[in-house]
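Report on the following structure.
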Amino acid sequence: MKQKIYDLILRLPAVFLLWCILFACANIGNPNGGPYDEDPPKFVGSRPAMNQLNYKGKKIEVFFDEYISIENPGENVIVTPPQQQSPFVQAVGKKVTVELKDTLIENTTYTVDFTSSLVDNNEKNALENFSFAFSTGDVLDTLQISGVLMNAEDLEPAQKVLVGIHSNLSDTAFTKTRFLRTSKTDERGRFTIHNITPGDYHLFALEDKNRNYAYDKNNDEALAFYDSIIIPTCERAMVPDTIWRDTVTVDTVLMVEKTLFYPNDLVLWFFRDSITPRQRMLKPERSQDYLFTLKFNAPTDTLPDPVPLNFKPYDSLWYITQRGEDPESFSINYWILDSMIYKMDTLLVEVSYWKNNDTIPDLMELQTDTLSLINRDAMQKKKKTTKKKPVKVRPSGEASADSLSAEEKPPVVPLQVAVTPSGTLNPYDIISVRFNEPVMEVYKECFRLEIGVDSLWEPADFELKEDSLLAMTYHIIRPLRYEERYRLTLDSAILCGVYGHCNDSVTVGMTVKGEKDYGSLIIAVQGLPLSGDSGRAVPAFMELLNGSGAPIAKAFVENETATFKDVNPDKYYARIILDTNENGKWDAGSYEKRRQPESVIYFMSQFEIRQNWKIEETWDIRQSKPGEKPDELIKNKPKEDKKKKRDYKEDSKPKKSNSSTPNIRGIGGLGR
């Protein structure tokens, strides 16, 4: 017995050691992979050498210290002078190969601008603004200019837009010839044009839709142009150079001599020319069996008259026209009245309309097209229908609408009436009534507007006005006062649509909010520029913006003051527009007239409006920087920096498991 106990005691250390080994295997910590690679690839050499002179070859090889890739080379790698044939660009391993297809120009500096497209394979660290240059002659041009491109209307950075220069200073160079040298804007709208010859230049930006490196106003291309002649220069200067211990800690700041290039603070305002684009018809739509829409890219003075080709209307008035619901689409709705026509799967019509001549854009010509208007929903239903009822025939040989089966007739539904706003009104609101189909006859007596007086309702006078832009919409015009109560009533079947649908009874109650429910904002404006003609301040208006940057109120600057009354409590921003033509809206520029877009300036602070509270502010717009905008309102922001700091302590800890089973790695290849 004593011997057995003695043997057991001797075995205890071995059992304990085995238990520790098993426990350790079941709780393996994550392997520490070391710090993340936070450095971009480094240039180590090339064939030919960087800035090589008298190079006649078309192949360039650039080498780096790690494996790399190129993000979207067709868009991000810019070769200048611009190439007619796209160069071949490829990254393999640690090498980038560029092969030019065009014939090289003698005594010319070539630049391959990789912008920020070169990244390492693992962490995607970008080598910012890397470019490679060589010359086919004895001289390498080294000057450069830089700046920023902003959308003129909202001051958003214009990303991935072509920027170029012309040494030909004539007004037609931008439209007739290709850029001399080019670059593209980055995610912050910044650009740098490298390797420029000393001289005088004009600077442009271009949304080059057809990739011909020239502005085509008839192609609806956005653009920007700099008013003054640009003369690139450079100088040697002592500038601070910061050495970082890590990504957040400064190690040393040294003064080093560098070459500075000017100008380096150019600002271009990007806009779409305000000239009317070439008139043309867009793709027609037949969204419902009884409705088809003709769309145009610009306003049209005449309404095309569709001529039937595969059907014969029973009545000459087989449709009615109405402006489309979207005022920006320049569309025309055609409501088909004859049920035998709109039940057809396909309608063939001939349409004549005015359009710009392809060769002479200013010349208008009559264009005639044959349109096939397909009712796809009806075709699908027809495939599912297996049994049809006989149809009565008119004396003329055409089917009668009265003979249609229940499935073929329009659904018997009431005319839909939408009243907005309802419930709560602001003093500046307009009561609107909208229908879902054209109404045969609308007049003031169809509506009954009443105002609450104590516990009674009394008739309230108003003006009825049809909206000139929104289809099937009418407005109840009446001045509204604080805390008034209203009731709008439409009796049953008082209005009927063109398809025989009549409205149900509608009653909507509304109450105007009280004066104490609002706040007010008064901004005194200083520094408005003076008009050259009159010597007075340039006309301007101010817009109040919500948290997403959308305008919600407008006030004209009068006596150097903009006043916003009846503002709902919330947080707002503001911007001012220099309304040079006094039309009450922002206007784009025109290259043809050498007119820049109207200036937009943002107030950099936020306003918090409270109930029954007045805020007074002074804004000197001369202190605002060109293109400056609150960060909270910027939508075209650069991609977030994806570099991460590795927490070594956390990496070495075991991962938690949702089950009670030990997290054992590497079995059967299932561990991650």
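Just a few scattered comments:
- Residues of region 355-402 satisfying the condition of being at pLDDT below 50 and assigned to a strand (DSSP E or B): Val393, Ala399
- Where a residue in region 552-572 is on the phi > 0 side of the Ramachandran plot and its partner, wherever it lies, is surrounded by fewer than 18 Cβ atoms within 10 Å (Cβ to Cβ), with Cβ under 6 Å and at least six apart: Asp566/Pro427
- Considering residues of region 605-635 that are among the acidic types (Asp, Glu) and in a strand (DSSP E or B) only, the residue least open to solvent (accessible area, probe 1.4 Å): Asp620
- None of Tyr474, Tyr499, Tyr486 is part of a loop (DSSP other than H, G, I, E, B) and either open to solvent by less than 50 Å² (accessible area, probe 1.4 Å) or in contact (Cβ under 8 Å) with a residue 24 or more places away in the chain (or both) except Tyr499.
- Selection within region 59-111 - open to solvent by 80 Å² or more (accessible area, probe 1.4 Å) and farther than 30 Å from Glu123 by Cα: Gln84, Gln85, Lys101, Thr103, Ile105, Glu106, Asn107
- Answer from Ser352, Ser316 - the residue that is polar (S, T, N, Q) and in a loop (DSSP other than H, G, I, E, B): Ser316
- Subset of region 57-78 [part of a strand (DSSP E or B) and within 15 Å of Pro41 (Cβ to Cβ)]: Glu61, Val62, Phe63, Phe64, Ile68, Ser69, Ile70
- Residues that are at pLDDT 80 or above and either open to solvent by 70 Å² or more (accessible area, probe 1.4 Å) or of a type in the set (Lys, Arg) (or both) within region 270-279 comprise just one, Arg272.
- Options Thr115, Thr111; residue that is under 30 Å from Asp265 (Cβ atoms), in contact with a Phe, Trp or Tyr (Cβ under 9 Å, 6 or more places away or on another chain) and in a strand (DSSP E or B): Thr111
- Residues of region 130-158 satisfying the condition of being in a loop (DSSP other than H, G, I, E, B) and either farther than 30 Å from Asp587 by Cα or at pLDDT below 95 (or both): Phe130, Thr136, Gly137, Asp138, Val139, Leu140, Asp141, Thr142
- Qualifying residue in region 335-346 (condition: part of a strand (DSSP E or B), aliphatic (A, V, I, L, M), on the phi < 0 side of the Ramachandran plot and open to solvent by less than 60 Å² (accessible area, probe 1.4 Å)): yes
- Qualifying residue in region 589-597 (condition: in a strand (DSSP E or B), open to solvent by 10 Å² or more (accessible area, probe 1.4 Å) and free of Cβ contacts under 8 Å to residues at least 12 places away in the same chain): yes
The values are calculated or read from the model by the stated rules, or taken from the named source; none is laboratory data. Please read all numbers here as calculations on a predicted model, not as lab measurements. Virtual Cβ from ideal backbone geometry, glycine too; neighbours counted across all protein chains shown. The area values use the complete protein model at the heavy-atom level, side chains included, leaving out ligands, DNA and RNA. Shrake-Rupley method; radii C 1.70, N 1.55, O 1.52, S 1.80 Å.
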